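Here's the structure we're looking at; comments come further down.
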Amino acid sequence: MRPSFFHHLHPPTIPAAQSRWRYTLGAGGTAIFLALILTITGALEMFYYIPTPDQAAISIQTITYFVPFGALLRNLHFWAAQLFIIVSAVHLVRVVFTGAYIPPRRFNYLLGLALFVISILLNFTGYILRWDQGIQWALVVGTNLIKTIPFIGDSLYQALIGGTQPGSATLIRFYAWHIFGLMLPAAFLVGWHAFRVRREGGIALPPPTLRTDSERITRNELVRREILAMLFTGSALLVLSIFTPAPIAPPIIEMSPLSGEVRAPWFFLWVQQMLKWGDPFFWGVLIPVIILIILILIPYIFPRPAESELGRWFPKSSGLAQVTLAIIAVAIIVLTLLALIPIK
Amino acid sequence: MYRRLLFIGSALLLVVILFAWQQSSRAPKPISLTPTLSGQPEYCLTCHADLPEISKSHPLQTFGCVSCHGGERLALNADLAHSNMRGGANPSDLSVVEMSCGGTSCHSGSEAENRDHIQRVMTSVQSTYAGAIANIRFTFGAQPDLNAYFGINAIKDEQTHTGITALSAFEPATETNSMIQKFGENCLTCHINAAPREEEAYARQTGCAACHATEQHKLTTAIPYTQCNACHNRGNYDLRSMTFVERADQPATRIQDYYQPIAQFTRCEYTLDCVDCHTRNEVMGDGDIHANQKDIQYVQCQTCHGTINQLPQTKTITGPNDIALKMEFLNPVSNLKVGDTILVTEKGEPLWNTRVLPNGTYELIGKATNLRFNFRPVMGTACEQKPDQQGSQYCHTCHAVER
């Protein structure tokens, strides 16, 4: 069979160990597939979505109830976005727990982290685009956090919100960030990230001389595996979309943090839980930034695994990095669960 | 092995896509309505096409659903569609009535145009319960006189004709006397915006619909006595125990079901419906705050029958804008026309369902029953009534029937 364009995106052969599910979990590839789904469904939503405060929620109701397959389209976009965050987090955990971030892949680890941060921002801006009663608490409280940053807080708030309080300028700015300001760097970073994976010898394995497994697979086999992953991911996505509709709420009547749903989007619930403990700058801004800095520093300050330890889970010599990430992950999960307990 | 997995995966995706297709096409076909008042499409009829039109005066094509009920006009999901609805299923609840039924062209316009329904209801004794509250507070020593100081809600009336400019909100919890507190707990189920007692006999809605909604999703001015009975004839409040005592009998006939507290009454009283005699100012209020029911209720036997010296008051309808014609239009039972002569009350309110006949007798058409009643004035009969005894109780001395 003559290799197609899609086959040519892959190397002619790769070590079989690089494409084992139990090693990679397929998380990075699944994230790229979800990103494609998000781009396509998002582009289709743009044909109907109107980014003005009085029309935004109405146009989403139009998509949901009157556009043929509009509800399915919106649900797919919603679920692909949520799965993207989960799959990206799994990818990050896999990379740290297998020590794959050591040089020469250290810089690509940073690119991946940047992508992760951008994807969270994309998810949050997309959530705000609903502009209905379900989002106003998170919008008002979330953007007020920016004001607490010393020196630059007020100017940064003005720049992001486009005024002294959320309004039509805010919505158009979030819209621009969502489909352009964040999407463009994300697309570029995905390309760069993938390029560097290939340039640095594919997925992390010990150097060829230290490998025990010399089996290789062809690009045909690799593409088959990718298609298989896409088929199952796509099916799961569709099932989620059919049975669990994306959240929707009545249009905003008056912008106030007290009306509507008093809950952050799920990926910020851990921050919402910490905000209950006191100073909003410390808990709401500083702690998340410190966590991000720790993640950035993982390849730099912690003991690194030896090259011979690559290609498998939990290399002993990078135990400290694994424990650090595990503590962060467990803390975030516990805080999220605490925030889900209904307020009595 | 991969070939087989690919086949399974493709088959799975195909099945899921077909299922998604089927789910998407199973949704009900949206039914659109663009009422002329709002000009904005709404899709409530997708599910609610079986509801009857609320009334002839509120045509569906003009009003639609959302201008009264609120809600999300585009949503085809029940939860979202019903969020933001005014007063739940009843937009005429007094807490939201101004938004649903108000507006200068609707029911909170000027008094001169007879569009001040909401102001009148808000200040009427049926809403304020001022007389009952004042009586109880006086009886148990919380106030020195029977004047009205409190209502169910705080209200003001700047242009008062009764001398009462405002009522404060009655708060039973702040009262020191336990009987008044108990009154607050047990006896506030009758004012027009209170949730009714639970049994079916007391079933009614709140606000305008308390009286005007006799069937589901129907508003009418042809209000049968049974509607009034939901509050006015179901039992009594026992002032010693401060509890409500349900009536024990099971009235089977109209005469048995007639207003219990009145021991003596005549035939016309139980054959007619309450609204055939009692006017809208008596029932809905006249826009002023009144101290109690006696201050606003004034129609007596003589309103229609006159006295031995005097015929009842009448008026001839001279133009098409006469209020009597407008009221008859809402409940066309008497085919009233310009030139007809009708009875009017002592305060000049038209008894639009009556007519003066050429032979000097009168005719009344039941607003709810459509029955025709012919009756005579007292003047020229053998009636022995004294000129200063015009209360109905004096008429009942001779003209009572046995229950």
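No lab work stands behind these numbers, since they all come straight from the coordinates. These figures come from a predicted structure and were not determined experimentally. A quick note on method: Cβ atoms are made from the backbone with ideal geometry, for glycine too, and the neighbour counts reach across all protein chains shown.
How large is the translational diffusion coefficient of region B:1-107 in µm² per second when you combine the Kirkwood radius over alpha carbon pairs with Stokes-Einstein at 4 °C and 1.567 mPa s?
Here the translational diffusion coefficient equals 78 µm²/s.
Given labels modelled 7 Å from the Cα in the Cβ direction, how far is it in nm from A:Tyr48 to A:Leu36?
2.5 nm
Which FRET efficiency value, to the nearest 0.05, is calculated for B:Thr34 and A:Glu307 with the Förster distance at 51 angstrom and r the Cβ-Cβ distance?
Efficiency, from the Cβ-Cβ distance: 0.10.
Please report the relative contact order for region B:117-277, taking Cα pairs under 8 Å with a sequence separation of at least 6, and give it as a percent rounded to a whole number.
Answer for region B:117-277 is 13 percent.
Return one number: the angle in degrees, 0 to 90 and rounded to the nearest 10, between the long axis of the Cα atoms of helix B:2-26 and the longest principal axis of the Cα atoms of chain B.
With both axes taken from Cα atoms, the answer is about 20 degrees.
Write down the Kirkwood hydrodynamic radius of region B:249-403, to one decimal in angstroms, obtained as one divided by the mean of 1/r over all alpha carbon pairs.
16.7 Å
In Å and from the alpha-carbon atoms only, list the Rg and Dmax of the protein assembly as shown.
Cα radius of gyration and Dmax of the protein assembly as shown are 38.0, 132 Å respectively.
Taking R0 as 35 Å, what's the FRET efficiency between B:Ile262 and B:Gln310 from their Cβ-Cβ distance, rounded to 0.05?
0.90
Counting only other chains, and only Cβ atoms inside 10 Å, what mean value do you get across the residues of B:8-20?
5
Compute from the Cα atoms of region A:1-134 the Rg and the Dmax, the latter being the longest Cα-Cα distance, and quote both in angstrom.
18.5, 55
Would you mind giving the average projected area, over all directions, of the Cα convex hull of region A:24-85 in nm² with one decimal?
Mean projected area for region A:24-85: 4.4 nm², to one decimal.
Taking Rh as the Kirkwood radius computed over C-alpha pairs, what is the Stokes-Einstein D of region B:117-277 at 4 °C in a medium of viscosity 1.567 mPa s, expressed in µm² per second?
Translational diffusion coefficient: 75 µm²/s.
State the percent of C-alpha pairs, over all pairs in chain A, separated by a distance greater than 37 angstrom.
23 percent
Starting from 0.36 nm per residue, how many nanometres of slack lie between B:Lys337 and B:Ala11 once their C-alpha separation is accounted for?
Net length gain for the segment: 109.7 nm.
Compute the separation of the alpha-carbon centres of region B:1-46 and region B:343-375 and state it in Å as a whole number.
61 Å
Give the average, rounded to an integer, of partner chain Cβ atoms located within 10 angstrom of each Cβ in A:223-234.
4
Where does each of B:Val378, A:Val67, B:Val245 land when they are ranked from fewest to most other beta-carbon atoms within 10 angstrom?
B:Val245, A:Val67, B:Val378
Mind pulling the per residue volume of the convex hull built on the Cα atoms of region B:4-67? Å³ is fine.
Spelled out: Cα convex hull of region B:4-67, divided by residues, is 82 Å³.
Relative to the present Cα-Cα distance, how much length would full extension add between B:Asn147 and B:Ser25 at 0.36 nm per residue of separation?
Stretched fully, the B:Asn147-B:Ser25 segment lengthens by 37.3 nm.
Could you state the number of Å between the C-alpha centres of region A:46-97 and region A:167-225?
Computed from Cα coordinates, the inter-centre distance equals 21 Å.
Once you keep just the Cα pairs under 8 angstrom separated by 6 or more residues, what percentage relative contact order results for chain B?
12 percent
What is the fewest-to-most order of A:Tyr49, A:Tyr300 by other Cβ atoms lying within 10 Å of their Cβ?
Neighbour counts put them in this order, fewest first: A:Tyr300, A:Tyr49.
Among B:Cys383, B:Cys274, which comes first, then next, by fewest other beta-carbon atoms within 10 Å?
Ranking B:Cys383, B:Cys274 by Cβ neighbours within 10 Å, fewest first, gives B:Cys383, B:Cys274.
Report Rg (one decimal) and Dmax (nearest whole number) for region B:60-176, counting Cα atoms only, units Å.
That works out to 18.5, 58 Å for Rg and Dmax.
Can you give me the P(r) profile for chain B? Cα pairs, bins 10 angstrom wide beginning at 0, each as a whole percent.
Calculated P(r), rounded to whole percents: 4, 17, 26, 24, 14, 6, 3, 3, 2, 1, 0, 0.
Between B:Thr214 and B:Asn321, how high is the FRET efficiency from 1/(1 + (r/R0)^6) when r is the Cβ-Cβ distance and R₀ = 25 Å? Nearest 0.05.
My answer for the efficiency is 0.30.
Tell me the relative contact order for chain A as a rounded percent, counting alpha carbon contacts under 8 Å between residues six or more apart.
Computed value for chain A: 28 percent relative contact order.
Distance from a point 7 Å along Cα→Cβ of A:Leu286 to each backbone N in region A:150-185: keep the residues under 14 Å and list them by number.
Correct set: A:150-151.
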